[in-house]
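The block underneath contains the structure these notes are about, expressed in structure tokens.
The values are calculated or read from the model by the stated rules, or taken from the named source; none is laboratory data. Quick caveat: nothing in here was measured; it's all calculated off a predicted structure. Quick reminder, even Gly has a Cβ in these numbers, built from the backbone with ideal geometry, and neighbours come from all protein chains shown.
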Amino acid sequence: MADVKLTDVGKTYGGTVEVLKGINLDIGKGELVVFVGPSGCGKSTLLRMIAGLEKITAGTLEIDGQVVNDVPPSERGIAMVFQSYALYPHMTVFDNMAFALRLAKKSEDEVKEAVHAAAEKLQLTNFLDRLPKALSGGQRQRVAIGRSIVRDPKVYLFDEPLSNLDAALRVATRLQIAQLKEQMPESTMVYVTHDQVEAMTLATRIVVLAGGGVAQVGPPLDLYERPENEFVAQFIGSPKMNILPGKIVGTGEHTTIEMDGGGRAVSSVPSTDALMGASVNVGVRPEDFVAAGEGDYIYEGKVGITEALGEVTLLYFDAPAGEDPTIGKLAGIHQGLRGQVTRLTADPAKVHVFKDGVSLLYPDGKNVMVEPH
Amino acid sequence: MHPAIQGLITIVIGVGGCIGYFYFSNQFLDKVLFPARGPNAGRNINRANMIRPWLFLFPAIVALGLYLAYPVVETLRLSVTERIPGGGSEFVGFANYAQMFSEPKFWEAMRNNMLWLIIVPAFSTAFGLLAAQLTDRISWGNVAKSIIFMPMAISFVGAAVIWKLVYDTRPEGQDQIGILNAFWVAMGGDPQTWLTIPYLNSILLMIVLIWIQTGFAMVILSAALRGIPEETIEAAIVDGANPFQIFFKIKVPQIMGTIVVVWTTITLVVLKVFDIVFAMTNGQWQTQVLANYMYDKLFRANDWGVGSASAIVIMLLVTPILVWNVHNARKEMR
Ligand SMILES: Nc1ncnc2c1ncn2[C@@H]1O[C@H](COP(=O)(O)OP(=O)(O)O)[C@@H](O)[C@H]1O
Ligand SMILES: [Mg+2]
């Protein structure tokens, strides 16, 4: 049974500005689904439509098998954590967390019990009498989470809950959310972020949004290993995947591509004979590049800048102005490469092939499994 | 000379005088008194910079001293003196105050002032808040706001004249030109001379001030309402609050500081209310207020002693509210 189901959901502002269209999603009970995508792609809008704060202009939204398009937010069984925490500044932490319960006319004993239980979980017991302004950013964020916990919702909605925290606190709070999810395996969570590390670490499934639609849905590693299109390939992973143009010169179980830059790439993604001679893009992640010996190479270029991080060395190759540089991430320390013409290659299993932006792993939208080497 | 030209010359002399003062006094300070050259250049610059603030403040200090501080002291002195027939004055202690406290008209003014004090700020603030909230989300909200704000641009005397027409009474048989009587008669009543009916007439006068001050309250509170973070309201919606609960439990508490400032500011206006009463009833029919009482004593009865005593009473009533108001306004600005 799907807990949250979106069918052909779309959003148009003012009758003309179409922000989202044709969104289909099945979010199962107990899942932690992360919406990720570039800024302005409609993540918050989609989340707010699930919350009921934004009107759904097309399609249907079901929560627990019930169409809730026209059900007010408080009756949808959802709770939301806002990016700015949205704590009520004039209420103590206790009153903030108790607000929803008191509105629901719960007895004061019940309220106390629920608030204290939530405060315990979030290490907030000592701060219950404080006003939000007397709390640190991390504590405020925990109060915001506590405020949703006490309501015991079916679905938790998070809108970039960590983006106002500094880097160290972000990691700590991220772990806390992961633990919280583990303590509440039954509850469904939808989490919005533009940060792909958050998405990779928290999600059971990631929904990549782009251009008003869903670019790909899948478990984090699926998206990393088997991206459906160039957008997802470049969005997931950092530094992003290198995209290099070429032409197919060999088809079959393996695909061979002659690179426009002079090299030759072999990919273990199969291709049909019809693709012979087709212009394609080869995708290789920086971390999948290895130094090419005397043999075949995929990329050849002059190293511009190197960044030695100890465990890895990043090579930024010179690129024509306005173009992203090709990046290699080689294990270990490599010195003296700067200004050198260097050749890189990669394991065929790690070489992606995109025709018209779509991966050959998915001919006709179907996922082809590749034998692991 | 044509009065308009006179006015223009006044403006030119006034503005030119100000600019000239600041320019030449600074020139004098920097070039003659403490020139930034010679062996003591550094010391001179420091000294000049220490004096400069006082140079800028000097005109304001003189003006405030002359028109505010001196009158306060002088009023205090006058309130404990009595005019001697034939010229001069003598010290009489608190006799003026004693005389004033024994006058029923003074206590009527006190009582009325207290009523004004409670009713006008309360209703102005409440209506202002209501108008601010109701005009917030509608397309013609700004037009509505402008109309509600417009009375602020009218002087108190002008407003009094307008409302005197509203409350106007014509002898029976003639057409009633006052809207209130027109309504009253249309409803089947006899025309009333509204401003002569005690208690009701005080309320009718207060309505004039409420009409003026609502616009002020609305503008300030409207800005405050806009300053409330939208997400706290959305959080309350998700928490299940209805529009009334959002208004009273989320919005109003968040702008409480501003409400207090608006309330006390209007309170100060009310305590000093004079023009409206003066122009509409002149304190007759039990509508007297302190400021008009003071004016009566000072300029009609020519009794400077009691007049000054009542002025001191008004000042004593205003001061604590003023202090509190400034305190709250400062807190809001932080
Ligand atoms: N009220 C609105 N009217 C018109 N366009 C809007 C409105 N709210 C948001 N948008 C547009 O919708 C798009 C998605 O916004 P949002 O969901 O906030 O993006 P994000 O993915 O960064 O959370 C943006 O391009 C934004 O400009
Ligand atoms: Mg957003």
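Brief remarks on what is shown
- Region A:141-163, residues that are assigned to a helix (DSSP H, G or I) and within 12 Å of chain B (Cβ to nearest Cβ): A:Val143, A:Ala144, A:Arg147, A:Ser148
- Residues of region A:121-163 classified as within 16 Å of ligand 2 (Cβ to nearest atom) and surrounded by fewer than 16 Cβ atoms within 10 Å (Cβ to Cβ), total: 1
- Taking residues in region B:230-254 that are under 12 Å from A:Leu53 (Cα atoms), and partners anywhere that are among the aliphatic types (A, V, I, L, M) and not in a helix (DSSP H, G or I), the pairs with Cβ atoms closer than 6 Å and at least 6 places apart or on different chains are B:Glu231/A:Ala86; B:Glu234/A:Leu53; B:Ala235/A:Ala86; B:Val238/A:Met80.
- Index of the failed condition, B:Phe106 passing every other in (1) touching a residue at least 60 places away in the same chain (Cβ under 8 Å); (2) farther than 16 Å from B:Leu298 by Cα: (2)
- So A:Phe99, is it touching a helix residue (DSSP H, G or I) at 6+ places or on another chain (Cβ under 9 Å), of a type in the set (Phe, Trp, Tyr) and under 17 Å from B:Ala241 (Cβ atoms): yes
- The residues of region A:215-251 that are within 16 Å of ligand 1 (Cβ to nearest atom) and within 19 Å of A:Lys329 (Cβ to Cβ) amount to a single one, A:Phe235.
- The test for being surrounded by 21 or more Cβ atoms within 10 Å (Cβ to Cβ), of a type in the set (Gly, Ala, Ser) and either within 16 Å of ligand 1 (Cβ to nearest atom) or under 14 Å from A:Arg142 (Cβ atoms) (or both) does not hold for A:Ala100.
- Odd one out for A:Gly40 among (1) crowded, with 22+ Cβ neighbours inside 10 Å; (2) on the phi > 0 side of the Ramachandran plot; (3) within 16 Å of ligand 2 (Cβ to nearest atom): (1)
- Of all the residues in region A:95-126, those that are in a helix (DSSP H, G or I) and more than 21 Å from B:Ile250 (Cβ to Cβ) number 11.
- Each residue in region A:1-32 was checked for being surrounded by 15 or more Cβ atoms within 10 Å (Cβ to Cβ) and out of contact with any Phe, Trp or Tyr (no Cβ under 7 Å at 6 or more places or on another chain), and 17 of them qualify.
- Of the residues A:Asp347, A:Asp324, the single one that is surrounded by fewer than 18 Cβ atoms within 10 Å (Cβ to Cβ) and at pLDDT below 90 is A:Asp324.
- So A:Leu315, is it closer than 24 Å to A:Phe354 by Cβ, touching a residue at least 60 places away in the same chain (Cβ under 8 Å) and not basic (Lys, Arg): no
- Evaluation of A:Gly212 against the conditions (1) more than 20 Å from A:Leu360 (Cβ to Cβ); (2) more than 15 Å from ligand 1 (Cβ to nearest atom) shows that the sole unmet condition is (2).
- Every pair of residues 6+ apart whose Cβ atoms lie under 9 Å, when the first sits in region B:201-228 and is within 13 Å of B:Leu130 (Cβ to Cβ) while the second is at pLDDT below 95 and among the acidic types (Asp, Glu): B:Ser222/B:Asp136; B:Leu225/B:Asp136
- Looking only at region A:10-64, and only at residues there that are in a loop (DSSP other than H, G, I, E, B), within 8 Å of ligand 1 (Cβ to nearest atom) and farther than 30 Å from A:Glu182 by Cα, the one that is nearest to the other protein chains (Cβ to nearest Cβ): A:Gly14
- Test: B:Leu225 is modelled with pLDDT under 95, more than 30 Å from B:Arg170 (Cβ to Cβ) and more than 9 Å from chain A (Cβ to nearest Cβ): yes
- Taken as a whole, the condition of being more than 16 Å from ligand 2 (Cβ to nearest atom), touching a residue at least 60 places away in the same chain (Cβ under 8 Å) and assigned by TED's automatic domain parsing to the domain that holds A:Val19 applies to A:Val217.
- All of (1) within 30 Å of B:Thr287 (Cβ to Cβ); (2) of a type outside the set (Ser, Thr, Tyr); (3) touching a residue at least 60 places away in the same chain (Cβ under 8 Å); (4) part of a loop (DSSP other than H, G, I, E, B) hold for B:Gly173 with one exception: (3).
- Residues in region A:79-94 that are outside any loop (DSSP other than H, G, I, E, B) and at the interface with chain B (Cβ under 7 Å from one of its Cβ atoms): 2 in all.
- Only one of A:Leu46, A:Leu61 that is buried (at least 20 other Cβ atoms within 10 Å of the Cβ) and either away from ligand 2 (no atom under 16 Å from the Cβ) or of a type outside the set (A, V, I, L, M, F, W, C) (or both): A:Leu61
- Any hit, region A:184-196, residues being within 16 Å of ligand 1 (Cβ to nearest atom), more than 23 Å from A:Leu87 (Cα to Cα) and assigned to a helix (DSSP H, G or I): yes
- Checking each residue in region B:251-274 for being assigned to a helix (DSSP H, G or I) and not β-branched (Val, Ile, Thr) picks out B:Lys251, B:Pro253, B:Gln254, B:Met256, B:Gly257, B:Trp263, B:Leu268, B:Leu271.
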